[in-house]
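**Student:** I have a structure I would like to understand better, so I am pasting it below and will then ask my questions one at a time.
Each reported figure results from applying straightforward, stated rules to the coordinates on display, with no laboratory input. Predicted, not measured: the structure shown is a model, and the values here were computed from it. Glycine also receives a Cβ, built like all others from the backbone with ideal geometry; neighbour counts cover every protein chain displayed.
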Amino acid sequence: MEPLLSSTAFFSSLLGDDHKLQSGIPQWIRDYRRGDLDFLATARLPSFKDEEWLYTPLSPLWRQPLKLVDRLDGVLPDQFKKYFIEDAVNILIYNGRIAGDITLPDQSFTGVSIEKGDAAFKRLEASREYFSTLTPNDSPLFGRLNRVLFSDPLVISVGRAVTSPGLINIVNIITSPDAAVFPRIMIKVNEGASLNVVQSYLSIPDIAYLDLPVTDIVLDAGARLDYGERHLHSTAGTHIGAVRVWQKKDSTLRSCILSTGAGIFRSNVNVILEGQGASAEINGLHSLQGEAHADSHTYLEHVAPNTTSNQLYKCVLEGESHSVFHGRVFVHREAQQTNSYQLNKNLLLSRECRVDTKPQLEIKADDVKCTHGATIGQMDEDQLFYLQTRAVSRDEAVRMLVRGFMDDVLSRVQNPLVREALTQE
Amino acid sequence: MSEDKNILNGSQLTGDYKYGFYAEVDSDTAPKGLSEDIVRLISSKKGEPAFMLEWRLKAFRYWQGMKEPHWANFKYGPINYQDIRYYSAPKLRGDGPKSLAEVDQEVVKTFEKLGIPISEQKRLSGVAVDAVFDSVSVGTTHQVELEKQGIIFCPISEAVQKHPDLVMKYIGSVVPYQDNFFAALNSAVFTDGSFCYIPPGVRCPVELSTYFRINAKETGQFERTLIVADKGAFVSYLEGCTAPSRDENQLHAAVVELVALDDAEIKYSTVQNWYAGDKNGLGGIYNFVTKRGKCAGRNSKISWTQVEAGSAITWKYPSCILQGDNSVGEFYSVALTNNMMLADTGTKMIHIGKNTKSTIISKGISSDRSHNSYRGMVKIMPSAENARNFSQCDSMLIGNNCSANTFPSIEIGNNSATMEHEATTSRISADQIFYLQSRGLDKEEAISLVINGFCKEVFKTLPLEFSVEAVKLLEMKLEGSVG
């Protein structure tokens with residue numbers, strides 16, 4: 001039997017004093033928190049026996065004493081300035097807290113509202129049905145941890161039929177060692193509206209921390225979201241993030257997650273295609289070096305007929321890095337004419353790296369086209385040889401081929417603003 | 001599609017074949033339940049040497065501390081292990097029906113459709129075959145020829161007595177009794193099964209089959225098969241048959257172990273068509289089997305081919321441990337489920353040696369209200385330089401109340417590995433059926449043609465006569481299931 005979460009240093013440092021958790025939080029959220037705290041107090045630690053955590057050992061996390069950051073302190077180091085994008089709405093989440101006021105620069109953001117503080121809590125209350133949901137395929141532990149510990153929500157919404165051509169750039173930065181941060185973001189795109197959002201997760205090198213964000217995305221009928229995430233974590237950091245998406249009729253999601261891994265890196269993407277004709281494209285690209293680790297879990301649930309999902313996850317591994325891909329597609333009986341494609345490709349560049357991949361299909365409807373594939377391989381010697389015969393040095397040839405391997409994912413980011421933000425530098 | 005029609009047709013196969021004709025007259029039957037005494041009784045009845053009893057008891061004690069696993073993608077009712085009779089003396093001849101006329105006509109029709117010869121029909125349906133016919137059976141003829149070559153092929157209980165050194169060396173070497181709940185249970189109480197040893201450099205001249213083995217009228221409930229191919233040997237082994245098999249035991253927990261030494265090759269083919277219960281899922285066999293082969297030597301090869309078309313629940317993963325350098329593992333499977341059947345099947349390929357290769361081709365077809373899952377693992381250990389795997393898992397759904405699932409697990413610990421996995425799920429395309437119909441085929445024929453094409457890669461690895469029967473078997477099972 002696994003030990004209790006409540007017996008760990010992790011628990012006592014974060015949840016030991018529950019008065020602190022309740023200050024400034026509306027009553028209706030406190031009601032959820034009471035249940036969550038009861039759950040956490042008796043929860044067992046997930047281990048390799050737990051299918052969801054089979055390949056990602058969490059034991060270092062539980063030993064780690066962490067601290068909640070109460071106040072914003074210090075000035076933002078210069079090195080992060082370059083992640084702010086001109087002409088975009090830049091929102092800084094600094095050590096888990098939203099810093100400064102948010103200004104919407106020009107008319108390209110009319111109809112867009114971005115709220116924090118009390119206004120954001122009110123918005124969350126209006127979308128309680130989503131807020132109250134716990135991620136279905138994840139170990140419920142982390143969803144509840146975020147719900148108990150978040151304090152500074154951010155809600156972005158776009159009015160009906162508003163096409164916002166600009167970019168919303170959310171920059172999460174952690175500079176405080178041993179910080180535990182719990183960003184909570186909700187993006188609501190109303191009927192027929194469209195929006196572009198990019199999130200960057202950054203930290204100063206080599207510090208340990210826990211980054212546990214939850215991003216909820218609701219796409220109403222005919223809505224479209226172009227979404228990107230870029231992760232440049234510290235090698236000692238832990239990121240366990242969830243992106244949860246609910247898609248109504250004919251809505252479109254285009255998403256791409258890039259990372260260089262972390263000490264423990266876990267990205268959960270859950271998409272529920274609950275309206276007819278909804279389509280989701282979920283792509284990911286990890287480039288891992290040293291002892292970096294990256295674990296991508298995707299869960300695509302086709303509830304309504306005529307829904308489409310497309311997934312391409314690629315990973316380049318060097319050093320002693322470790323990549324995990326666990327992709328699950330679930331097609332309900334009613335979801336006829338579903339098309340679902342999933343592909344996971346891994347390129348191994350060193351001897352010591354390790355890949356675990358688990359693509360899964362669970363299908364209850366008969367009129368569907370679903371495929372998944374996974375490949376693991378090395379650099380093609382023939383291709384390297386060919387390039388060398390053209391007077392390209394071996395190192396350069398390797399770089400070119402790796403670039404080609406990765407470009408496959410990047411070229412799928414259709415929105416130029418999102419692509420530029422993700423690939424900058 | 002018309003589901004009702006399908007169910008009607010299905011009952012031709014899975015329907016009511018009668019079990020009533022075995023009278024319980026044996027005086028030599030152990031009481032129900034399992035205890036150390038029962039294990040000792042089985043061992044003494046079988047006249048086993050001490051090491052075997054020791055091993056059985058160790059397995060039994062280990063089993064007592066284990067919990068029944070429930071992780072598979074299905075639920076089944078509780079099994080009462082104290083309500084099973086673990087030993088009964090071999091059935092007397094003459095208890096069965098006296099002629100084919102007494103056998104359920106539906107079963108006879110099925111035999112005819114499959115094109116099974118009359119003599120075999122009798123054997124399969126338990127009709128007492130007259131002694132004259134039996135004595136000239138193919139079985140005896142083969143037996144003589146095998147002995148000449150030094151091949152040992154006999155019931156495992158006989159092997160324990162006659163070749164204890166071989167049995168002691170290899171039993172449990174691939175599936176140790178600690179392996180899993182059902183393997184432990186099997187190790188403690190197995191009473192039947194085959195033992196096969198091919199001496200170095202011998203290529204077994206015939207396809208060995210439980211058919212040919214005299215004294216093996218029935219497969220036991222806890223069957224144990226051990227096949228050893230010594231250096232440079234080759235054997236092709238067939239298990240089961242396409243005809244629906246009669247059996248009164250609900251739980252089948254068999255263990256099959258294969259060992260291939262240097263340059264040896266074992267080809268193991270199974271066609272399984274146990275009673276699958278009625279259309280509402282009542283009754284039927286629980287087929288919980290542990291099958292594993294070890295490519296222990298260099299350049300060895302183990303190839304599994306299975307056609308799973310029966311049993312209420314099938315839960316098995318024929319696997320290969322690729323330990324020797326350059327060894328090869330193959331898995332070809334067609335799993336068909338209809339009515340309320342559940343199948344959770346697949347394979348594990350564990351690459352340990354250098355330059356090891358494995359191929360997985362799995363085809364799942366589900367219809368009616370059945371559930372079909374592929375579950376597999378490809379594990380490439382850090383020691384397995386240049387390992388290569390190719391996996392393909394295709395599923396076909398017929399009807400809207402069934403499900404098809406794919407759960408592959410891939411663990412790669414060596415960068416020189418190359419592996420590819422792909423899976424598809426779809427239904428029979430209406431375009432293809434329309435095209436074939438426009439060429440004058442009726443709908444049933446068209447579907448059968450498409451299904452055959454879907455399964456071709458697997459069928460072509462089966463021995464010829466098996467392959468023909470397997471095709472017919474699928475056609476018959478899917479009669480009336482218009483996609």
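**Student:** With the cut-off at 49 Å, report for the protein assembly as shown the share of all Cα pairs above it, as a whole percent.
**Tutor:** 30 percent
**Student:** Which whole number gives the average, over all residues in A:376-387, of C-beta atoms from other chains lying within 10 Å of the residue C-beta?
**Tutor:** Rounded to a whole number, the mean comes out at 2.
**Student:** Continuing with this model, one more query. Is the C-alpha gyration tensor of region A:197-298 telling us rounded, prolate or oblate? Criteria: a/c under 1.5 is rounded; beyond that, a/b larger than b/c is prolate, otherwise oblate.
**Tutor:** prolate
**Student:** If we count every other residue with Cβ under 15 angstrom of A:D220's Cβ, Lys/Arg +1 and Asp/Glu -1, where does the sum land?
**Tutor:** Taking every other residue near A:D220 into account, the sum is +1.
**Student:** Another one. Ranking request for peptides B:174-183, A:107-116: highest mean number of other beta-carbon atoms within 10 Å first, then the rest in descending order.
**Tutor:** Most protected by this proxy first, the peptides run B:174-183, A:107-116.
**Student:** Counting only DSSP beta bridges with both residues in the protein assembly as shown, tell me the antiparallel percent, nearest 5.
**Tutor:** Of all bridge pairs located within the protein assembly as shown, approximately 10 percent are antiparallel.
**Student:** Now a separate question. Within region A:270-297, find all residues whose amide N lies under 20 Å from a label point positioned 7 Å from the Cα of A:S411 along Cα-to-beta-carbon.
**Tutor:** Within reach of a label on A:S411, which here means backbone N under 20 Å from a point 7 Å along Cα→Cβ, region A:270-297 contributes A:281-287.
**Student:** How big is the antiparallel share of DSSP beta bridges in chain A, given as a percent to the nearest 5?
**Tutor:** That works out to approximately 5 percent antiparallel.
**Student:** Show me A:241-247, A:388-394, A:150-156 ranked by packing, highest mean number of other Cβ atoms within 10 Å first.
**Tutor:** Highest mean packing first, the order is A:241-247, A:150-156, A:388-394.
**Student:** If you take the Cα Rg of region B:356-462 and divide it by 2.2 N^0.38 Å, with N the number of residues, what do you get?
**Tutor:** 1.33
**Student:** Something else about it: If you find the alpha carbon centre of region A:353-425 and of region B:325-399, how far apart are they in angstrom?
**Tutor:** 25 Å
**Student:** Right, something else. After finding the eigenvalues of the alpha carbon gyration tensor for region A:5-423, what semi-axes result from the square roots of 5 times each, listed largest first in whole Å?
**Tutor:** They are 31, 26, 23 Å, listed largest first.
**Student:** Summing Lys, Arg as +1 and Asp, Glu as -1, what charge do residues with Cβ under 12 Å from the Cβ of B:E48 carry, B:E48 excluded?
**Tutor:** Computed value for this residue: +3.
**Student:** Long-range amide H contacts for B:K354: which residues qualify at under 5 Å (H placed 1.01 Å from N, peptide plane, sequence gap of 5 or more or a different chain)?
**Tutor:** B:D325, B:N326, B:E385
**Student:** A 32 angstrom limit on the alpha carbon distance is what I want to check against. Which of B:K379/B:K456; B:K291/B:K354; B:K169/B:K363; B:K148/B:K477; B:K169/B:K460 exceed it?
**Tutor:** B:K169/B:K363; B:K148/B:K477; B:K169/B:K460
**Student:** Oh, and also: Using θ = phi - 60° and the Karplus relation 6.51 cos²θ - 1.76 cosθ + 1.60, list the HN-Hα couplings for region B:284-291 in order, rounded to whole Hz, with x at every Gly or Pro.
**Tutor:** Each residue of region B:284-291 in turn: x, 8, 9, 9, 10, 10, 10, 10 Hz.
**Student:** Can you give the FRET efficiency to the nearest 0.05 for A:L384 and B:M66, using r as the Cβ-Cβ distance and R₀ = 56 Å?
**Tutor:** Rounded to the nearest 0.05, the efficiency is 0.65.
**Student:** Read phi for every residue in region A:226-241 and hand back ³J(HN,Hα) as whole Hz from Karplus 6.51 cos²θ - 1.76 cosθ + 1.60, θ = phi - 60°, with x for Gly and Pro.
**Tutor:** Here the 3J(HN,Hα) series is 9, 10, x, 10, 10, 10, 10, 8, 6, 5, 9, x, 10, 10, 10, x Hz.
**Student:** I'd like the distance separating the alpha-carbon centroids of region A:226-291 and region A:79-155, in whole Å.
**Tutor:** 16 Å
**Student:** What are the ³J(HN,Hα) values, in whole Hz, obtained from phi via the Karplus relation 6.51 cos²θ - 1.76 cosθ + 1.60 with θ = phi - 60°, for each residue of region A:30-41 in sequence order, with x given for Gly and Pro?
**Tutor:** Each residue of region A:30-41 in turn: 4, 4, 5, 4, 4, x, 5, 5, 4, 4, 5, 5 Hz.
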